[in-house]
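The structure is given below, and queries will be raised subsequently.
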Amino acid sequence: MTAPSTHASPDRIVDIATGYMGAKQLFAAARVGLFRALAEGERDVAELASSTGVSERMARILADAMNGLGLLERRAGRYSLAPDAAAHLTGEGDLDLHPFLAFLNEISYGHWLQFDATVDTTKPGELAMDEERWKSFMAGVMRYNALHAAMLARSFDFGPYRDLLDLGGLSPAFAIGALQANPELSARFVFDPQSSEAIAEALAAAGLTDRARIDPAATAEADPGGEHDLVMVNHVIHRFTAEQNRAILANARAAARAGATLLLLDFLLDDDDRQRPIDALHAGEYLVIDGTVVYPESEVTAWLTAAGWRQREVLALPGSPRVIVAEAV
């Protein structure tokens, strides 16, 4: 047994153990409008208090916490936005993450308070939902999906493709991002029938209705067919059993021409020497929320191989899941 080093720093342990403090202060800062108050320029504590409606003491605590976490800059007692906060927390940047933070605060955090019971039983917590909580849930999940879609559009070249099948996903944002990246691409959505109206509205808002088709079908049984050269399976596998996923991936392969590309996006556990943290954290999140599964990458790769897909590479998207890129063989 290796003796503990007397020089090892406790910083990492303390940072992890107190991480919920930073998260709760981030949620509060977003909720009261701290970042939006800084969108037009730097402010001091009194100005932040006036803009947000909290006390000066609270404004100082929140602003200093966000400065300590790197989301705000502070010079001579005046605060300003760091680039990532300006892009994602003001409502004026690339993608506003406020609905996602509200979901984490209002829905997810309460479930993590049940995590000890989940550890002892391997069962999810109680998902007590009313109409307002469902609205917060879906708004947060869809905004997080929009982040994943934006990261995918920046990381993958959609230029070579012409015929996209989006199979069984929750959000049309991925295919819309692909359509926006490549004006020669057309898309076919095979989603659960309950999603059809939302997909149609999103396509209309993006001005892409004439380049897309919606074929409603339950994901676990959908057999879309066709000769697509690009297939997306986004945030699907964690929602289904291993047996169902094998069938879904086989049906995806049956809808693809030889040499077509598959993009399978989801959180995955890996066998590397250091697990990617965000995937392992979501394994706990999915379990405690509703019992869904973050599968090992090796298991997913075995399903792909059996279904007629050959893995080419894995893309790790910033702040998002990984994407297994595979080829139809």
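Would you check which residues across region 167-177 are surrounded by 23 or more Cβ atoms within 10 Å (Cβ to Cβ) and in contact (Cβ under 8 Å) with a residue 40 or more places away in the chain and list them?
Once the filter is applied, which keeps residues that are surrounded by 23 or more Cβ atoms within 10 Å (Cβ to Cβ) and in contact (Cβ under 8 Å) with a residue 40 or more places away in the chain, region 167-177 yields L167, G168, G169, S171, F174, A175.
Within region 90-97, identify whether any single residue is in contact with a strand residue (DSSP E or B) (Cβ under 8 Å, 6 or more places away or on another chain) and within 27 Å of M142 (Cα to Cα), and answer yes or no. First the steps, then the outcome.
Applying the first criterion (in contact with a strand residue (DSSP E or B) (Cβ under 8 Å, 6 or more places away or on another chain)) to region 90-97 yields 90.
Retained after the next criterion (residues that are within 27 Å of M142 (Cα to Cα)): 90.
Yes, there is a match, as at least one residue in region 90-97 is in contact with a strand residue (DSSP E or B) (Cβ under 8 Å, 6 or more places away or on another chain) and within 27 Å of M142 (Cα to Cα).
Answer yes or no: is there a residue in region 196-212 that is assigned to a loop (DSSP other than H, G, I, E, B) and either crowded, with 21+ Cβ neighbours inside 10 Å or among the charged types (D, E, K, R) (or both). Give the derivation first.
At the first step, the residues of region 196-212 found to be assigned to a loop (DSSP other than H, G, I, E, B) are 207-208.
Restricting the remaining residues to those that are either crowded, with 21+ Cβ neighbours inside 10 Å or among the charged types (D, E, K, R) (or both) gives none.
Within region 196-212, none of the residues are assigned to a loop (DSSP other than H, G, I, E, B) and either crowded, with 21+ Cβ neighbours inside 10 Å or among the charged types (D, E, K, R) (or both).
Just checking, which of A250, A260, A255, A242 is closer than 25 Å to Y144 by Cα, at pLDDT 95 or above, in the same structural domain as E313 (by TED's automatic domain parsing) and among the hydrophobic types (A, V, I, L, M, F, W, C)? Before you say what the answer is, go through the steps one by one.
Values: A250 fails: closer than 25 Å to Y144 by Cα; A260 fails: closer than 25 Å to Y144 by Cα; A255 fails: closer than 25 Å to Y144 by Cα.
From the options A250, A260, A255, A242, the qualifying one is A242.
Keeping to region 221-240, report how many residues are part of a loop (DSSP other than H, G, I, E, B) and either closer than 22 Å to V323 by Cβ or of a type in the set (D, E, K, R) (or both). Give the derivation first.
In the first step, residues of region 221-240 are kept if they are part of a loop (DSSP other than H, G, I, E, B); the result is 221-227, 235-236, 240.
Add one more test, that the residue is either closer than 22 Å to V323 by Cβ or of a type in the set (D, E, K, R) (or both), and what stays is 221-224, 226-227, 235-236, 240.
Of the residues in that region, 9 qualify.
Has region 150-166 got any residue that is farther than 23 Å from G22 by Cα, surrounded by fewer than 16 Cβ atoms within 10 Å (Cβ to Cβ), polar (S, T, N, Q) and within 21 Å of the chain's Cα centre (by Cα)?
Pass one, region 150-166, residues farther than 23 Å from G22 by Cα: 150-166.
Now narrow it down to the ones that are surrounded by fewer than 16 Cβ atoms within 10 Å (Cβ to Cβ): 154-155, 157, 159-160, 162.
Filter once more, keeping what is polar (S, T, N, Q): 155.
With within 21 Å of the chain's Cα centre (by Cα) added as a condition, the list becomes 155.
Yes, the conditions are met somewhere in region 150-166.
Same structure, new question: What are the pairs, 6+ residues apart or on separate chains, where a residue within region 22-44 that is over 17 Å from A87 (Cα atoms) has its Cβ under 7 Å from a residue that is of a type in the set (S, T, Y) and buried (at least 19 other Cβ atoms within 10 Å of the Cβ)?
Listed by first residue and then by second, the contacts come to V32/T52; R43/Y79.
Please go through region 93-147 and give me each residue that is loosely packed, with under 13 Cβ neighbours inside 10 Å and of a type in the set (A, V, I, L, M), ordered by number.
The answer is L113, V119, A128, M129.
Just for region 72-92: of the residues that are more than 20 Å from the chain's Cα centre (by Cα) and surrounded by 14 or more Cβ atoms within 10 Å (Cβ to Cβ), which one is farthest from L281 (Cα to Cα)?
R78
What number of residues within region 249-270 are of a type in the set (A, V, I, L, M, F, W, C), in contact (Cβ under 8 Å) with a residue 60 or more places away in the chain, in contact with a helix residue (DSSP H, G or I) (Cβ under 9 Å, 6 or more places away or on another chain) and not in a strand (DSSP E or B)? So that I can check it myself, show each step before the final result.
First, the residues of region 249-270 that are of a type in the set (A, V, I, L, M, F, W, C): 249-250, 252, 254-256, 258, 260, 262-265, 267-269.
The next check asks that each one be in contact (Cβ under 8 Å) with a residue 60 or more places away in the chain; those that pass are 249, 252, 255-256, 258, 260, 262-265.
Keeping just the survivors that are in contact with a helix residue (DSSP H, G or I) (Cβ under 9 Å, 6 or more places away or on another chain) gives 249, 252, 260, 262-265.
The next check asks that each one be not in a strand (DSSP E or B); those that pass are 249, 252.
Matching residues across region 249-270 total 2.
Which of the residues belonging to region 39-70 are among the hydroxyl-bearing types (S, T, Y) and either in a helix (DSSP H, G or I) or surrounded by 13 or more Cβ atoms within 10 Å (Cβ to Cβ) (or both)?
Step one: of region 39-70, the residues among the hydroxyl-bearing types (S, T, Y) are 50-52, 55.
Selection gives S50, S51, T52.
The values are calculated or read from the model by the stated rules, or taken from the named source; none is laboratory data. Keep in mind that this is a model prediction, so the values were computed, not measured. Please note: Cβ atoms are built from the backbone with ideal geometry, for glycine as well, and neighbour counts cover all protein chains shown.
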